[in-house]
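What follows is a single structure, written as structure tokens, with notes after it.
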């Protein structure tokens, strides 16, 4: 008995393979995204944690002018401090064979017992510098690879004003530099920024820092109060030019990595559940119909003496098989996609190893949810079918009744063609089913809007940062502060047509018990190359007295425009100033505050000084300028904005574009799955009716219109709803994705709305045309004979 | 009536028509060389046991199916090798169908079901006229689910005749009906034949219905075994059920 039923099960599945596959694919998509997103996020988080742990990544970081090594013990004595490590760190301009532009290096001293310290680098290739050789250095792997600097290669660096030749001994990775970024730039660039580990004696000699350090890292004990420790560290280091200790949140590499992980987490939390819920609804609907159509067979089995439970189990097995297929496809696809995404991230972030987390939680949850959706959909229909007396179940169901409501009278008044009436009445007769189709299709529109919106946001950021905010070709970062007369000297550099000064000042902004460590950027008047930009308003003119704060910082400090804020200067003269906040802006990147140079220096009561110089140049003269910069001891950093923009675009190509492509694909699959299944249900329920039309002399095209028309009507109705959803999704993404490092502007272009609508309408049309082809194959005579 | 029939032109001519259905390795001969003419204004009743080939014959006449062998002419047109598009046009312009199970579109009212055809026909009557002809004028704004079986079948007849077809093909039109509604349906069919002169072919299992026909054709095993004129037509109300 049971064996026959099971054989029926397999034959039934083979019979409805196309629908089985469509259901399984939609379900699988929802599961796949969930498994991939959580799997990637979990893997990266675990990798990060393991890397930090094994290489003793520090908890607190602080820069100072010059701290005698003997005073480090005082830091180690602070309660809850587990370990202290000091080193020498400075920036240097590098001259590398085969590269015209100057590169920038961050030189770090490497103690003989570096393996015992904090932020322990990992040797990947070659060997560490010989402690007795002053010219040997190790480089970070990505920089070395970008320049093909193998052990034995040589390059030149301006160390403290002196041009020196250095020899490479090996390649390192460090938990401090998973993400590397040169000072004064906004993007990682492995060609232009490198890390140079030099043995301690050589670094001390180069910088006159014997017996002293200027860069200190601390590891805290578990459960330590970081704020309390920071306060004590600052008071110890204050006499030595300490610029204020900060936690991992202000450490560049960690902040960026964390920002990326936060975004990934947001994506994982946000879209996959939407996909899964839509898939679950859809499967519920389709399976319900599938079984409702088995009504006569169920009646027959009951008539033959099968028990209700046996029949119920039979159909639950059928649903379960479809569900399992979907779960299998979803898990397999999810793990594959996770692998692909991890490879992308490994390109971007430098991890020495990768821990793969299969996201068992996400797999279990999505699998259980999917099976529950499938079984619930089936159970509802099976329960209805087995409740009927067998004789009633075997006879065809009564014709669906249509009533004349107010809406119907309104439609009738439109005097439409009868085929159009059929479409409208069908939508009104089964509003629940129409609603699910509508919901599914509008969700795909919404998902596409929210995906494409990222491009709009990036366009705005690119326009703000590169087109309007930074019109300079080059920004020079000075090794130390200089009087503003240096701007006149800069005008004499090769090719320079205009010059603007800038001054970056590390500060702690304080409002009551809330504080935030950041920098104030003072703009000099004149060429208006680097300007303050607001995402909505564009260029902001700085007032002559107050500060302009980014919204994120203002919100953190609970400050609004018109309030005053206290500035603790973290470099000499280390005063405390109080300045009014004149405006609050949304800026795409960074958390710096802005001020007009005269206002800042008046408040500080010092003569104007600069540590950044923005240059506009004759592009023809770029090589000459670059050559000149390489020999200038005062310049510690060189940013080519043209290059930065190229880098910006390239990094987007890799990360975001891939992400958007994946979500687009899935959005389209959902639309196709929803429409295909809905159309199949239509076709099977109405094949009789549609065949009647053919018999009456309607052409294939005219009958096809009834089928296509309903689906396309629902699709078109779904578009505006999808736009609204997309708006809400995008808003959610902005909130979820925005971090201290990157704030997405919330702008959605018409192009995005149009493109999302176009893609979904196209996908729906393709799906319904696929079903329409089956209409041609309906045998008119047998369709009329068979009563459902 | 008998006179009109005598001078009438043939509407359909079937010459040695064969229809073989092949399912897998089995070949079923539904029609084995049927030769038959149907004339204008004629009511023909097709009788025969299940599987005798009645419905196959009707489907071939109506352009729903093509013969495996032999020739089918509708007036001067040879339908034997017509394309799908030609058959669609043929059905649209010349043929009205009535089925045992009505085949109404449930989402359209009686009037709209008829309008379904009048919208695509060349010289149709109005839906109201057609429904009046079958006595359903007062109920034309009802949906199928609000009509009795007989009423639904009369809507189907109205829908079939609204295009003023030259032939009306009815497959067991009273098969699902009780005697009272069955008589109403037959009366409607006879009225249409009388008023419009539509040639009508009617398949039935009820042998007594042959008494309303001009001519009775009996099929058995895919062959015509009897084809004779009925000299004593009676009104549908006299048919016993």
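The values are calculated or read from the model by the stated rules, or taken from the named source; none is laboratory data. Computed from a predicted structure; not experimentally measured. Glycine also receives a Cβ, built like all others from the backbone with ideal geometry; neighbour counts cover every protein chain displayed.
Could you please let me know if residue B:183 is outside any helix (DSSP H, G or I), over 14 Å from the mean Cα position of the chain (by Cα) and over 19 Å from residue A:692 (Cα atoms)? It is false that residue B:183 is outside any helix (DSSP H, G or I), over 14 Å from the mean Cα position of the chain (by Cα) and over 19 Å from residue A:692 (Cα atoms). In this structure, residue A:243 qualifies as crowded, with 19+ Cβ neighbours inside 10 Å and in a loop (DSSP other than H, G, I, E, B). The residues in the range B:106-143 that are within 9 Å of another protein chain (Cβ to nearest Cβ), assigned to a loop (DSSP other than H, G, I, E, B) and under 19 Å from the mean Cα position of the chain (by Cα) can be counted, and the count is 1. The residues listed here are A:356, A:302, A:350; of these, the one that is crowded, with 20+ Cβ neighbours inside 10 Å, touching a helix residue (DSSP H, G or I) at 6+ places or on another chain (Cβ under 8 Å) and not in a helix (DSSP H, G or I) is A:350. The set of residues in the range B:91-130 that are in contact with a strand residue (DSSP E or B) (Cβ under 7 Å, 6 or more places away or on another chain) and at pLDDT 85 or above comprises B:94, B:95, B:96, B:97, B:98. Within the option set A:120, A:62, A:107, A:84, being in a loop (DSSP other than H, G, I, E, B) and modelled with pLDDT of 90 or more holds for one residue only, A:120.
Each row is one residue, and each column tells you yes or no for (1) crowded, with 21+ Cβ neighbours inside 10 Å; (2) over 19 Å from the mean Cα position of the chain (by Cα); (3) over 18 Å from residue B:198 (Cβ atoms); (4) free of Cβ contacts under 8 Å to residues at least 12 places away in the same chain.
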residue: B:34; (1), (2), (3), (4): yes, no, yes, no
residue: B:43; (1), (2), (3), (4): yes, no, no, no
residue: B:70; (1), (2), (3), (4): no, yes, yes, no
residue: B:84; (1), (2), (3), (4): no, yes, yes, yes
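None of A:675, A:703 is within 13 Å of chain B (Cβ to nearest Cβ) and buried (at least 23 other Cβ atoms within 10 Å of the Cβ) except A:703. Please determine whether any residue of the range A:629-642 is within 31 Å of the chain's Cα centre (by Cα), under 29 Å from residue A:90 (Cβ atoms) and surrounded by fewer than 17 Cβ atoms within 10 Å (Cβ to Cβ). Yes, some residue in the range A:629-642 is within 31 Å of the chain's Cα centre (by Cα), under 29 Å from residue A:90 (Cβ atoms) and surrounded by fewer than 17 Cβ atoms within 10 Å (Cβ to Cβ). Only residues that are closer than 16 Å to residue B:121 by Cβ, within 11 Å of another protein chain (Cβ to nearest Cβ) and out of contact with any strand residue (DSSP E or B) (no Cβ under 6 Å at 6 or more places or on another chain) were counted in the range B:144-169, giving 3. With respect to the conditions (1) crowded, with 20+ Cβ neighbours inside 10 Å; (2) under 29 Å from the mean Cα position of the chain (by Cα), residue A:538 lacks only one, and its number is (1).
Got a sec? Which of A:479, A:450, A:434, A:490 is within 29 Å of residue A:720 (Cβ to Cβ) and over 31 Å from the mean Cα position of the chain (by Cα)? Answer to the check: A:434.
Going by the structure shown, is residue A:563 buried (at least 18 other Cβ atoms within 10 Å of the Cβ) and closer than 13 Å to residue A:583 by Cα? Criteria not met by residue A:563.
When residue A:44 is tested against (1) farther than 30 Å from residue A:287 by Cα; (2) surrounded by fewer than 22 Cβ atoms within 10 Å (Cβ to Cβ), only condition (2) is not met.
The condition (being within 14 Å of another protein chain (Cβ to nearest Cβ) and either within 30 Å of residue A:477 (Cβ to Cβ) or not in a helix (DSSP H, G or I) (or both)) is satisfied by just one residue among A:638, A:698: A:698. On the stretch given as the range A:426-445, residues that are surrounded by fewer than 16 Cβ atoms within 10 Å (Cβ to Cβ) and either within 11 Å of residue A:713 (Cβ to Cβ) or away from chain B (no Cβ under 14 Å) (or both) total 2. The strands (runs of 3 or more DSSP E) found wholly in the range A:459-548 and carrying at least 2 residues that are closer than 26 Å to residue A:629 by Cβ occupy A:474-483, A:496-511, A:514-523. Scanning the range A:682-694 for any residue that is part of a helix (DSSP H, G or I) and within 30 Å of residue A:533 (Cα to Cα) turns up nothing.
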